[in-house]
1. Take the range 56-108 and flag every residue that is aliphatic (A, V, I, L, M), within 13 Å of the chain's Cα centre (by Cα) and surrounded by 19 or more Cβ atoms within 10 Å (Cβ to Cβ).
2. Look through Leu163, Leu158 and report the one residue that is surrounded by 12 or more Cβ atoms within 10 Å (Cβ to Cβ), more than 18 Å from the chain's Cα centre (by Cα) and within 19 Å of Leu91 (Cα to Cα).
3. Tell me which residues, restricted to the range 78-98, are hydrophobic (A, V, I, L, M, F, W, C), closer than 13 Å to Leu158 by Cβ and not in a helix (DSSP H, G or I).
4. Considering every residue within the range 147-154, establish whether at least one is surrounded by 15 or more Cβ atoms within 10 Å (Cβ to Cβ) and either part of a helix (DSSP H, G or I) or polar (S, T, N, Q) (or both).
5. Looking at the range 148-171, I want the residues that are free of Cβ contacts under 8 Å to residues at least 40 places away in the same chain and have a partner that is of a type in the set (S, T, N, Q) and part of a helix (DSSP H, G or I) with Cβ atoms under 8 Å, at least 6 apart or on another chain. Which pairs are those?
6. Filter the range 27-46 down to the residues that are touching a residue at least 24 places away in the same chain (Cβ under 8 Å) and farther than 24 Å from Ile16 by Cα, then identify the one that is surrounded by the fewest Cβ atoms within 10 Å (Cβ to Cβ).
7. Is at least one residue of the range 18-25 at negative phi, part of a helix (DSSP H, G or I) and under 29 Å from the mean Cα position of the chain (by Cα)?
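Any read-out appearing in this document is the output of simple, stated calculations on the displayed coordinates, not a laboratory observation. Computed from a predicted model, the values in this text were never measured in an experiment. Glycine gets a Cβ as well: all are built from the backbone with ideal geometry, and neighbour counts include every protein chain shown.
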Amino acid sequence: MRLFSDALIPLVIVSIICFGLVKGVDVFSEFLEGAKRGFGIVLDITPPLIALIFAINTLRQSGGLETLCSLLSPITEFLGIPQQLTPLAILSPISGSGSLSMLEAILKDVGPDSFLGRCACVMMGSTETTFYTMTIYYGSIGIKKTRHTLPCALCADLTSFILSPVMVSLFF
């Protein structure tokens, strides 16, 4: 099985090249054209990505994250989200690396087999980095109006935050 998975990508690449040659396509020129378009996409998404990373680092370094957590504590208590998981719930839709470092800190503090550790892992596994994903996908194709995407994605994230402790309580 391992041999097949190691050979799969080279096999797909060789198949594409052979198919292009059979159809009479200049495969190398098409590859260069695709690489040129890909580089343009990277240039298009770089400014919003830098702004997102800057905002996340500013929020964490300035103490704004702790302030935001304390302001949201009545709401998170009402929703049943443990207070220690609030920073993870805030960062998860924004930054994968930020929420991963928050998960690591939670697991170091309380352990992976604790209720909070399991809740944090379920949260991480059931949410998406909504703002990052929208920045990359919409930024790469130039969409400015997100319409219903953001509210729906944030509702899905909120559902995951609320249900994580419930599911951990039910199954563990």
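1. Leu88, Ala89, Ile90, Leu91, listed by residue number.
2. Leu163
3. Selection gives Ile81 alone.
4. Yes; the residues of the range 147-154 include at least one that is surrounded by 15 or more Cβ atoms within 10 Å (Cβ to Cβ) and either part of a helix (DSSP H, G or I) or polar (S, T, N, Q) (or both).
5. Leu150/Thr130; Ser160/Ser126; Leu163/Ser126
6. Looking at the filtered set, the residue picked out is Asp44.
7. The answer is no, given that none of the residues of the range 18-25 is at negative phi, part of a helix (DSSP H, G or I) and under 29 Å from the mean Cα position of the chain (by Cα).
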